[in-house]
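**Q** Pasting a structure here, questions to come.
The values are calculated or read from the model by the stated rules, or taken from the named source; none is laboratory data. Keep in mind that what you see is a predicted model, and the values were worked out from it rather than measured. Cβ placement follows ideal geometry from the backbone for every residue including glycine, while neighbour counts extend to all protein chains displayed. When the accessible area is computed, the model is the full protein with side chains, heavy atoms only, and any ligands, DNA or RNA have been set aside. Shrake-Rupley method; radii C 1.70, N 1.55, O 1.52, S 1.80 Å.
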Amino acid sequence: MGRFPQRARAAGATSRRGAAAAALLCWACAAAYAEQPWLDARRSPDERAALAVAAMTLDEKIGLLHGPMALPYSRPNGEPVPVPAAAIPAAGYVPGVRRLGIPALFETDASVGVTNPNGIRPGDVATALPASLALSATFDPALSYRAGALVGGEAHAKGFNVLLGGGMNLTRDPRNGRNFEYLGEDPLLASRMAGAAVRGTQDQHVISTLKHFALNANETNRHTLDARIDRQALRESDLLAFELAIESGSPGSVMCSYNKVNGDYACGNGWLLNRVLKKDWRYAGWVMADWGATHGVADAAHGLDQESGDQLDDAVWFGAPLKAAVQAGSIRRARIDDMAHRILRSMFAVGLVEHPPVKTAIDYPAHAALALEIAQAGIVLLKNESELLPLKPHAPRIAVIGGNADSGVLSGGGSSQVTPSNGTPARIPIGGNGDGALVRTAWFDPSSPVKEIQAASPQSEVLYDAGAIPAAAAALAARSDVAIVFVTRHECEGFDSPDLTLPFGQDGLIEAVANANPHTVVVLETGNPVTMPWLDHVAAVLAAWYPGQEGGRAIADVLFGAVNPAGRLPITFPRHDSDLARPALPNLGRADGAAVSIDYTEGADVGYRRFARLGIAPLFAFGFGLSYTHFEYDNLTVTGGRTLSVSFDVRNTGARAGADVPQVYLTAAAGTPVFRLIGFERVMLEAGAVRRVTLEADPRLLAFYDERRGKWDAKRGIYRVGVGRSADDVSLRGEAGVSPRSPTGS
Ligand code: BGC
């Protein structure tokens, strides 16, 4: 390590002395390159990886193919595994090859900020961004790029060079406990947001990891669950999301998931890893296992390149057993070379050698500003009767009720939990996964809505009631001018919620408050949709998701109009659990480790697509979100050809500036009724302003996947589209002829 030819080249000779120095340095570089040519950044990542692999011993290659969790954690047999001395305590560590200048991999979680699991690095904090679902609700890939860059930049400044984010599983079950870490239910939206975040992170010279590949749509029994689905349907939904994100982001790694897919564990699934990911999509990076998701040496033959958190597995499979398999000839040497090549190639492509992470001070206040911007942009205004919002400042008395709104805003739990940079979170024990058996600790990030509401309306008397006794909360509401009820539902890795209801009697609390005061506003802090039996009785509803460490401020900004809300739902909010593809949560209550399965019979019709096909009216549709202004669409032109290009005007017809997210849906493909998002754009418009938007569809969004022939297939014919505000409000319709040749991609 420690030779950085790049720097010498970049040094630029501006004086004769400088020129001489540069020449000397270049001479030193040339000498280094001759000795270790893989360090020459002028060569392609593949060339460099091939040269490095050729110089490595079998043991050195095997060393790159597995690593422990860099936390004090014992093996299943109880044998303790110390954190390697060279590691930074965190999610993972893979030693490098010192003699060849190959750096170690320092791996950290994840998508909403750099984590510090169990406070293993005392005092180390990070910017806690809003949940990925909130980010997705912005429908703004540029913001996602900045979020990815922020997390990547902080990771780099803490010494990490691999980020275990971003998560991007499609929401197939709105009770999945990790949906808050993902990007919603639509392949186009999720892929555009994920691809941008990957680019943002990797531009900071930190490898980004798309996860969890694939169909990790439920957490219940996640280690044994067999997720079953028709292959064509999978190609057109969850896999399409990954395919598009990988194309646009070129992530250095992809993490395979715990669950099985159609009978085989995802990390040992040859169809998924070898056929789809590596052959059809020509993915050049590496596949890392989720922590403890490697099941044996044979996984290497099925496409897994690296074992992670290896002390969690029954054996360190990709250590001595893999070496023995190579020596016995059951795993080919060429395969080991390929595994090492893929890892090295990503390291070179992302610049890990030339730009090693260096511990640096982080400008947390500047980063907090981005956390605030994302939270503001991702809040969705769901209801605003009689334009109660924005609230007039200086209402004499404002009641704030429930949700621990005096302490902060809820965040999601599990490996993505971030220790925020702006103060100590309130850690509050709450009832567990619905059966009352388990108590979890929910973290409330220190951005108190009560304080922020008071700051936004300094002359008001802001009174807080915890909401534990609905009658007491109602009494406060009755003597207040407006009542703002905060309701929460904690979601956490490892658990699904049993249903869509708000837990702990919060529905009753809202009813009691709404009965007492017609000016009741509900603020949801959830990582999923919830049902709203009280909806008709309240005046306004905001979905604030888990809004991150600046969330209280963002909520107050929307409530009082400093920010015009423009978030749109990245997931359908159903009316009832009975409207779901699986009305009862599959496998609820089955013991961990039970061999269970789920048939994802909705196939490619995830979320709004299934609702549209079956004609079920949602409570709030995918893409829905109100504003304090109004937008109109007209002058539609649809141009056909190899794909569809759709142009239209968006006009802000209201009295204030705001952002809109017009959405283009395909409604029929050569006579076949379909319903798919094929384009969207977040457009900021001053009052009265108009902008022409042109969106071109990726040809795969118009096509069907022909599994037998292994390619996308679209029929020649008339394709119909609608431009709308949400999946259930498509107002402007048009059509054009499409004569696809061979759509791109696999
Ligand atoms: C999670 C991953 C995470 C890993 C390392 C696993 O349990 O599923 O998303 O990156 O742990 O913390």
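**Q** Mind checking whether some residue in the stretch 656-669 is modelled with pLDDT of 95 or more, open to solvent by 20 Å² or more (accessible area, probe 1.4 Å), in a strand (DSSP E or B) and aliphatic (A, V, I, L, M)?
**A** No, every residue in the stretch 656-669 fails to be modelled with pLDDT of 95 or more, open to solvent by 20 Å² or more (accessible area, probe 1.4 Å), in a strand (DSSP E or B) and aliphatic (A, V, I, L, M).
**Q** Would you check if there is a residue in the stretch 204-215 being away from the ligand (no atom under 16 Å from the Cβ), over 15 Å from Gly249 (Cα atoms) and either touching a residue at least 60 places away in the same chain (Cβ under 8 Å) or open to solvent by 10 Å² or more (accessible area, probe 1.4 Å) (or both)?
**A** Within the stretch 204-215, not a single residue is away from the ligand (no atom under 16 Å from the Cβ), over 15 Å from Gly249 (Cα atoms) and either touching a residue at least 60 places away in the same chain (Cβ under 8 Å) or open to solvent by 10 Å² or more (accessible area, probe 1.4 Å) (or both).
**Q** Looking at the stretch 125-152, which of its residues are closer than 22 Å to Cys492 by Cα and of a type in the set (A, V, I, L, M, F, W, C)?
**A** Residues satisfying the conditions are Val125, Ala126, Ala128, Leu129, Ala131, Leu133, Ala134, Leu135, Ala137, Ala147, Val151.
**Q** For the structure I just gave you, tell me whether Ala617 is more than 21 Å from Gly494 (Cα to Cα), open to solvent by 40 Å² or more (accessible area, probe 1.4 Å) and not in a loop (DSSP other than H, G, I, E, B).
**A** no
**Q** Out of (1) open to solvent by less than 30 Å² (accessible area, probe 1.4 Å); (2) more than 15 Å from Arg172 (Cβ to Cβ); (3) modelled with pLDDT of 95 or more; (4) not hydroxyl-bearing (Ser, Thr, Tyr), what's the single condition that is false for Pro574?
**A** (2)
**Q** Pick from Arg192, Arg199: which is touching a Phe, Trp or Tyr at 6+ places or on another chain (Cβ under 7 Å), away from the ligand (no atom under 16 Å from the Cβ) and of a type in the set (Lys, Arg)?
**A** Arg199
**Q** Would you check if Pro533 is in a loop (DSSP other than H, G, I, E, B) and either in contact with a strand residue (DSSP E or B) (Cβ under 6 Å, 6 or more places away or on another chain) or crowded, with 24+ Cβ neighbours inside 10 Å (or both)?
**A** On the way: in a loop (DSSP other than H, G, I, E, B): yes; either in contact with a strand residue (DSSP E or B) (Cβ under 6 Å, 6 or more places away or on another chain) or crowded, with 24+ Cβ neighbours inside 10 Å (or both): no.
No; evaluated as a whole, the condition is false for this residue.
**Q** Could you look through the stretch 241-264, keep only residues that are β-branched (Val, Ile, Thr) and farther than 17 Å from Arg172 by Cα, and pick out the one that is nearest to the ligand (Cβ to nearest atom)?
**A** Filtering the stretch 241-264 for residues that are β-branched (Val, Ile, Thr) and farther than 17 Å from Arg172 by Cα, the one nearest to the ligand (Cβ to nearest atom) comes out as Val254.
**Q** How many of the residues in the stretch 179-203 are farther than 15 Å from Gly249 by Cβ, out of contact with any strand residue (DSSP E or B) (no Cβ under 7 Å at 6 or more places or on another chain) and not small (Gly, Ala, Ser)?
**A** Going through the stretch 179-203 one residue at a time, the tally reaches 3.
Every residue, every condition in (1) under 17 Å from Ala157 (Cα atoms); (2) away from the ligand (no atom under 14 Å from the Cβ); (3) aliphatic (A, V, I, L, M), yes or no:
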position: Ala49; (1), (2), (3): no, yes, yes
position: Ala54; (1), (2), (3): no, yes, yes
position: Asp59; (1), (2), (3): no, yes, no
position: His66; (1), (2), (3): no, yes, no
position: Arg75; (1), (2), (3): no, yes, no
position: Val94; (1), (2), (3): no, no, yes
position: Val97; (1), (2), (3): no, yes, yes
position: Asn116; (1), (2), (3): yes, no, no
position: Gly119; (1), (2), (3): no, yes, no
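**Q** Any residue in the stretch 55-76 that's among the charged types (D, E, K, R): show its pairings with residues that are open to solvent by less than 20 Å² (accessible area, probe 1.4 Å) and part of a loop (DSSP other than H, G, I, E, B) at Cβ separation under 9 Å, as long as the two are six or more apart or on different chains.
**A** From the stretch 55-76, the pairs are Arg75/Asp313.
**Q** Further question: Would you point out which residue out of Ala591, Ala581 is out of contact with any helix residue (DSSP H, G or I) (no Cβ under 7 Å at 6 or more places or on another chain), in a loop (DSSP other than H, G, I, E, B) and open to solvent by 10 Å² or more (accessible area, probe 1.4 Å)?
**A** Of Ala591, Ala581, the one residue that is out of contact with any helix residue (DSSP H, G or I) (no Cβ under 7 Å at 6 or more places or on another chain), in a loop (DSSP other than H, G, I, E, B) and open to solvent by 10 Å² or more (accessible area, probe 1.4 Å) is Ala591.
**Q** Could I ask something else about it? I'd like the residue in the stretch 290-300 that is within 29 Å of the chain's Cα centre (by Cα) and at negative phi and, out of all such residues, is farthest from the ligand (Cβ to nearest atom).
**A** Ala300
**Q** Then there's this: Working only within the stretch 147-180, note down all residues that are touching a Leu at 6+ places or on another chain (Cβ under 8 Å), within 16 Å of the ligand (Cβ to nearest atom) and of a type outside the set (A, V, I, L, M).
**A** Gly152, Asn161, Gly166, Gly167, Asn169, Asn179, Phe180
**Q** Taking the stretch 503-530 on its own, how many of its residues are assigned to a loop (DSSP other than H, G, I, E, B), open to solvent by 10 Å² or more (accessible area, probe 1.4 Å) and within 20 Å of Lys383 (Cα to Cα)?
**A** Of the residues in that region, 2 qualify.
**Q** If you don't mind, another one. Name the residue that is farthest from the ligand (Cβ to nearest atom), counting only residues in the stretch 304-340 that are within 22 Å of Phe213 (Cα to Cα) and open to solvent by 40 Å² or more (accessible area, probe 1.4 Å).
**A** Among residues in the stretch 304-340 that are within 22 Å of Phe213 (Cα to Cα) and open to solvent by 40 Å² or more (accessible area, probe 1.4 Å), the one farthest from the ligand (Cβ to nearest atom) is Asp338.
**Q** State the number of residues belonging to the stretch 92-115 that are under 20 Å from Lys359 (Cβ atoms), in contact with a Ser or Thr (Cβ under 6 Å, 6 or more places away or on another chain) and open to solvent by 10 Å² or more (accessible area, probe 1.4 Å).
**A** Qualifying residue count, the stretch 92-115: 1.
**Q** Out of Ala284, Ala233, I need the residue that is more than 19 Å from the chain's Cα centre (by Cα), open to solvent by less than 20 Å² (accessible area, probe 1.4 Å) and more than 16 Å from the ligand (Cβ to nearest atom). Which one? Write out each step before concluding.
**A** On the way: Ala284 fails: open to solvent by less than 20 Å² (accessible area, probe 1.4 Å).
Unique residue meeting the criteria: Ala233.
**Q** Within the stretch 121-143, identify whether any single residue is within 16 Å of the ligand (Cβ to nearest atom), open to solvent by 10 Å² or more (accessible area, probe 1.4 Å), assigned to a loop (DSSP other than H, G, I, E, B) and of a type in the set (Val, Ile, Thr), and answer yes or no.
**A** No, the stretch 121-143 contains no residue that is within 16 Å of the ligand (Cβ to nearest atom), open to solvent by 10 Å² or more (accessible area, probe 1.4 Å), assigned to a loop (DSSP other than H, G, I, E, B) and of a type in the set (Val, Ile, Thr).
**Q** Considering the stretch 70-91 alone, what residues qualify as being in a loop (DSSP other than H, G, I, E, B) and either hydrophobic (A, V, I, L, M, F, W, C) or closer than 17 Å to Pro117 by Cα (or both)? Don't jump to the end; show me each part of the working.
**A** Keep residues of the stretch 70-91 that are in a loop (DSSP other than H, G, I, E, B), which gives 71-72, 75-79, 82-89, 91.
Matches in the stretch 70-91: Leu71, Pro72, Pro82, Val83, Pro84, Ala85, Ala86, Ala87, Ile88, Pro89, Ala91.
**Q** Here's another thing I want to ask about it. Of all residues in the stretch 484-501, how many are open to solvent by less than 30 Å² (accessible area, probe 1.4 Å) and away from the ligand (no atom under 16 Å from the Cβ)?
**A** Total satisfying the criteria: 9.
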